[in-house]
1. Out of curiosity, is Trp34 modelled with pLDDT of 95 or more and either away from the ligand (no atom under 16 Å from the Cβ) or among the hydrophobic types (A, V, I, L, M, F, W, C) (or both)?
2. Taking the condition part of a helix (DSSP H, G or I), within 18 Å of Asp137 (Cα to Cα) and of a type in the set (Asp, Glu), does Glu185 pass?
3. Which of the numbered conditions does Phe275 fail, given that it passes all the others? Conditions: (1) touching a residue at least 40 places away in the same chain (Cβ under 8 Å); (2) within 25 Å of Asp330 (Cβ to Cβ).
4. Name the residue that is surrounded by the most Cβ atoms within 10 Å (Cβ to Cβ), counting only residues in segment 49-74 that are under 17 Å from Cys165 (Cα atoms) and under 25 Å from the mean Cα position of the chain (by Cα).
5. How about segment 299-328: which of its residues are part of a loop (DSSP other than H, G, I, E, B) and farther than 30 Å from Thr123 by Cα?
6. Within segment 208-226, is there a residue that is away from the ligand (no atom under 16 Å from the Cβ), in a helix (DSSP H, G or I), among the hydrophobic types (A, V, I, L, M, F, W, C) and over 18 Å from the mean Cα position of the chain (by Cα)?
7. Pick from segment 83-96 the residues that are small (Gly, Ala, Ser) and surrounded by 12 or more Cβ atoms within 10 Å (Cβ to Cβ): which of them is farthest from the ligand (Cβ to nearest atom)?
8. Need pairs with beta-carbon distance below 6 Å; first residue under 21 Å from Ala219 (Cβ atoms) and within segment 316-338, second part of a helix (DSSP H, G or I); sequence gap 6+ or separate chains.
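The values are calculated or read from the model by the stated rules, or taken from the named source; none is laboratory data. Because the structure is predicted, anything quoted here is derived from the model rather than measured. Note: ideal-geometry Cβ built from the backbone for every residue, glycine included; neighbour counts use all protein chains shown.
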Amino acid sequence: MSIPFNPSDHAHRRFNPLTGDWVLVCPHRAKRPWNGQVEKPEVTAIPRFDPNNPLCPTATRSNGIINPDYTSTFVFDNDFPALLDDVPNPADSLAASDDGLFTMSGAQGNCKVMCFHPHSDLTLALMSHDEVRRVIDKWAELYEELGKKYIWVQIFENKGAMMGCSNPHPHCQIWSSSYLPALAEVKDNKLNEYQKTYKKNLLLEYARKEIEKKVRVVALNDDWVCLVPFWAVWPYETMLIPLKHTLRLNDLDNSQRESLTDIMQKLLTKYDNLFETFFPYSMGWHGAPNNNEDNSHWQLHAIYSPPLLRSATVRKFMVGYELMANMQRDLTPEQAAERLRAQSDVHYSSNKSL
Ligand code: H2U
């Protein structure tokens, strides 16, 4: 081939050093016409209070418990928990089958739901600075409390019906487990290997180099960088990384929490502005496991995985080649970062009534 390689035009693969996975990037396909499924726009006319919405203050939940008339954040034990503390472990004979083909392992844990705000029609993008800060403080508090008992505390938010969010009310979930989930275990190993090989923290080094390169940076402040990872899989996937070595959410100091509030509000406003919609996503926090070991190879980070590709209604599906062979994307991470950077930091809805 005599044509010189251009990453904005030519198919190539990128390596994710955090997981060891590869993503196939096919930028030339971003121009193709779309005749596939068009999702219905997310319903935005959500009532502020609905007595039949089990996450609202004073509403009755599925199990008959009545929520308090909460005015800020509100945390409760999930009424349909995937993980429970009081579950026996499989017998030794099941835990290690001789042929390695039928191995089981115990799974104990706890599942909580955290409402961000009493009003169902708000999202983190529309909440005030102080309200978002209270969410961050509550995350840190829960992380600290649950981290005393569980090796892994997974905070995650499914936003929008497109991402499987079952209740139109700003909230997240917290699943704490007696084991390291698969992705956490992979990251633990990769971060450790990198630190041993290069004598550097992978994510701190990565953030520093991305800030120098600028092309994938969406927002930056004194304590945080928000970027589209070089190895992003979802079209507008982003990552939030603290600039200072920080292991867990509860280790964030006051300045980091204030600037996290700012950068989250900026990112979420840009997300909503991109297609003038309440941008759906799944997001979560990853920090050092709670195992009393040397976790200096870790660095706290958040991942946002939004499904939208071209408009409020056209989403990326992880099917076909992605399920059977390799994760794949069309838009390059650099193009995605540029588009997000170009979005206003003022929410589109502030100019019109919702
Ligand atoms: P999602 O929107 O991400 O599905 O989270 C809502 C969670 O709230 C879900 O896990 C729980 C569901 O089990 N829930 C209750 O615990 N009680 C209820 O009455 C309704 C929903």
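1. Details: modelled with pLDDT of 95 or more: no; either away from the ligand (no atom under 16 Å from the Cβ) or among the hydrophobic types (A, V, I, L, M, F, W, C) (or both): yes.
For Trp34, the condition - modelled with pLDDT of 95 or more and either away from the ligand (no atom under 16 Å from the Cβ) or among the hydrophobic types (A, V, I, L, M, F, W, C) (or both) - is not met.
2. Numbers: part of a helix (DSSP H, G or I): yes; within 18 Å of Asp137 (Cα to Cα): no; of a type in the set (Asp, Glu): yes.
Against the criterion (part of a helix (DSSP H, G or I), within 18 Å of Asp137 (Cα to Cα) and of a type in the set (Asp, Glu)), Glu185 does not qualify.
3. (1)
4. Per the criteria, the residue is Cys56.
5. Our first condition is that a residue be part of a loop (DSSP other than H, G, I, E, B); within segment 299-328, this holds for 299-300, 306-307, 309-314, 316-320, 325-326.
Result: Gly320, Ala325, Asn326.
6. Filtering segment 208-226 for residues away from the ligand (no atom under 16 Å from the Cβ) gives 208-226.
Filter once more, so that each one left must be in a helix (DSSP H, G or I): 208-213.
From the residues that got through so far, the ones that are among the hydrophobic types (A, V, I, L, M, F, W, C) too are 211.
Next, from what is left, pick out any that are over 18 Å from the mean Cα position of the chain (by Cα): 211.
Within segment 208-226, one or more residues are away from the ligand (no atom under 16 Å from the Cβ), in a helix (DSSP H, G or I), among the hydrophobic types (A, V, I, L, M, F, W, C) and over 18 Å from the mean Cα position of the chain (by Cα).
7. Initial filter on segment 83-96 (small (Gly, Ala, Ser)): 91, 93, 95-96.
Keeping just the survivors that are surrounded by 12 or more Cβ atoms within 10 Å (Cβ to Cβ) gives 95-96.
Numbers: Ala95: 28, Ala96: 32 Å.
Among residues in segment 83-96 that are small (Gly, Ala, Ser) and surrounded by 12 or more Cβ atoms within 10 Å (Cβ to Cβ), the one farthest from the ligand (Cβ to nearest atom) is Ala96.
8. Leu331/Ala30; Thr332/Pro27
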